1. With the requirement that a residue be away from ligand 1 (no atom under 13 Å from the Cβ) and either modelled with pLDDT under 75 or hydroxyl-bearing (S, T, Y) (or both), what does the range 43-56 give you?
2. State all residues of the range 188-214 that are open to solvent by less than 50 Å² (accessible area, probe 1.4 Å) and over 30 Å from R170 (Cα atoms); if no residue qualifies, say none.
3. What residue, among those in the range 117-136 that are part of a helix (DSSP H, G or I) and open to solvent by less than 30 Å² (accessible area, probe 1.4 Å), is nearest to ligand 2 (Cβ to nearest atom)?
4. Hey, could you check the range 155-175 for residues that are assigned to a loop (DSSP other than H, G, I, E, B), more than 16 Å from ligand 2 (Cβ to nearest atom) and touching a Leu at 6+ places or on another chain (Cβ under 6 Å) and say which is most open to solvent (accessible area, probe 1.4 Å)?
5. Taking the condition of being more than 15 Å from G18 (Cβ to Cβ) and within 25 Å of the chain's Cα centre (by Cα), how many residues in the range 154-171 meet it?
6. Checking V235 against (1) in contact with a helix residue (DSSP H, G or I) (Cβ under 6 Å, 6 or more places away or on another chain); (2) under 27 Å from G372 (Cα atoms), which test does it fail?
7. For H303, only one of the following conditions fails: (1) touching a Ser or Thr at 6+ places or on another chain (Cβ under 8 Å); (2) open to solvent by less than 30 Å² (accessible area, probe 1.4 Å); (3) modelled with pLDDT of 90 or more; (4) part of a strand (DSSP E or B). What is its number?
Amino acid sequence: SKQAYVRTKPHLNIGTMGHVDHGKTTLTAAITKVLSARGTGAFVPFDRIDRAPEEAARGITINIAHVEYETDTRHYAHVDMPGHADFVKNMITGAAQLDGAILVVSALDGVMPQTAEHVLLARRVGVRHIVVALNKADVGEDDLIDLVELETRELLTAHGYDGDHVPVVRVSGLRALEGDPRWTGAIEALLDAVDTYVPTPMRYTDAPFLLSVENALTITGRGTVATGAVERGRVRVGDRVELLGSAGGARSTYVTGVETFGKPMESAEAGDSVALLLRGVQRADVRRGDVIAAPGSIAPLRHFTARVYLTTAAEGGRRTPVATGYRPQFHLRTADIAGEVDLGLRGVARPGETVTMTVSLGRDVPLEIGLGFAIREGGRTVGAGTVTAVAP
Ligand code: GDP
Ligand code: MG
């Protein structure tokens, strides 16, 4: 049968971010190639990463591509978002829960609008550590690459990162994929930078279990599986859990199987990307956005107050102010729910401002103080906020 997942090293979640075509997917494939040569992972070719999610045949199927690998000191789950919209949706809403990110900047093109937008949003959702891959260094000229490095460091500093000290590694994903030793060496250097610069995070393993569902599928002969990243706590085979769904209320069920990257595991903990097999639950009963949690640990609610930053047009946000009565989409964990904004006495808020608002959601969803969320409208991220109070 399948080989079990054995936890021997700290597990971290990282991801590639950066402007379209700067080489995120190529770099992701190159990393797996270099590590497979070391014997600590399987090579995942470009076209296995960059594909429609429905085609994914692994245990964990979500709308962001996950690859798994190990360095000498760590086990990583690496997400490579296929497009800008996926990036905003999955990472910014906290679904990807990145402990660190590799910012890919093409040495030929330099900082582009999505580069800046990703850095801004990463900062807003609390991605604390960024390592820079100056990609396409095989075709860039040194003087030009120096300028791109400078510009990237300035961008990071402008958004509150330690731009002067962030590791910047010149790489060529393409040449490394071809096996050129100079460039496979550069990938090694990049991985060393990630290993040393991104600290092992503290995990909330002692808190009550919570997982926000990214996808649900049926595995023939076994039942319904919900996938997602464990936000906090632990879950093991046999645990009773509650499914808090879009249909409302809480439904009790048991976890009858736990897997990560197709490998069975006895117990999953905060930070792990898992597939949970749920007893007696039909495929139609569980959906993206539902929460699976320790019984009684969190309540679905409809109203909240939040501090919200409204992004500027340059950051991908609105050009015009919003007013009380505004009804955008709220991305809370993996859920995407319409909600109506009340700005109280101020009545109006402009892009670039940080304001307090109360929100009435279209349906109940598990809410708690401190929860981060994104506000989206017509494909744009118009704001990002943190819940400060909740009410039924
Ligand atoms: P993504 O949109 O950021 O995922 O970018 P891709 O990985 O799909 O790469 C975009 C294009 O850049 C493709 O044509 C790649 O072959 C090319 N590319 C990626 N990395 C490199 C590199 O290191 N050097 C060169 N010369 N081209 C690259
Ligand atoms: Mg890509």
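1. Residues satisfying the conditions are A52, P53, E54, E55, A56.
2. Across the range 188-214, the qualifying residues are T205, A207, F209, L210, L211, S212, V213, E214.
3. Per the stated criteria, the residue is H118.
4. Within the range 155-175, the match that is most open to solvent (accessible area, probe 1.4 Å) is H159.
5. The number of residues fulfilling the criteria is 8.
6. (1)
7. Tallying (1) touching a Ser or Thr at 6+ places or on another chain (Cβ under 8 Å); (2) open to solvent by less than 30 Å² (accessible area, probe 1.4 Å); (3) modelled with pLDDT of 90 or more; (4) part of a strand (DSSP E or B), H303 fails exactly one: (2).
Condition check ((1) open to solvent by 40 Å² or more (accessible area, probe 1.4 Å); (2) within 12 Å of ligand 2 (Cβ to nearest atom); (3) at pLDDT 90 or above) across all residues:
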site	(1), (2), (3)
S1	yes, no, no
H19	no, yes, yes
G23	no, yes, yes
A30	no, no, yes
A37	yes, no, no
G41	no, no, no
R58	yes, no, no
E68	yes, no, no
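The values are calculated or read from the model by the stated rules, or taken from the named source; none is laboratory data. Everything quoted here is computed from the prediction, not taken from an experiment. For neighbour counting, all protein chains shown are included, and Cβ atoms are generated from backbone atoms with ideal geometry for every residue, glycine included. To get the accessible areas, we keep the full protein, side chains included, count just its heavy atoms, and leave off ligands, DNA and RNA. Shrake-Rupley method; radii C 1.70, N 1.55, O 1.52, S 1.80 Å.
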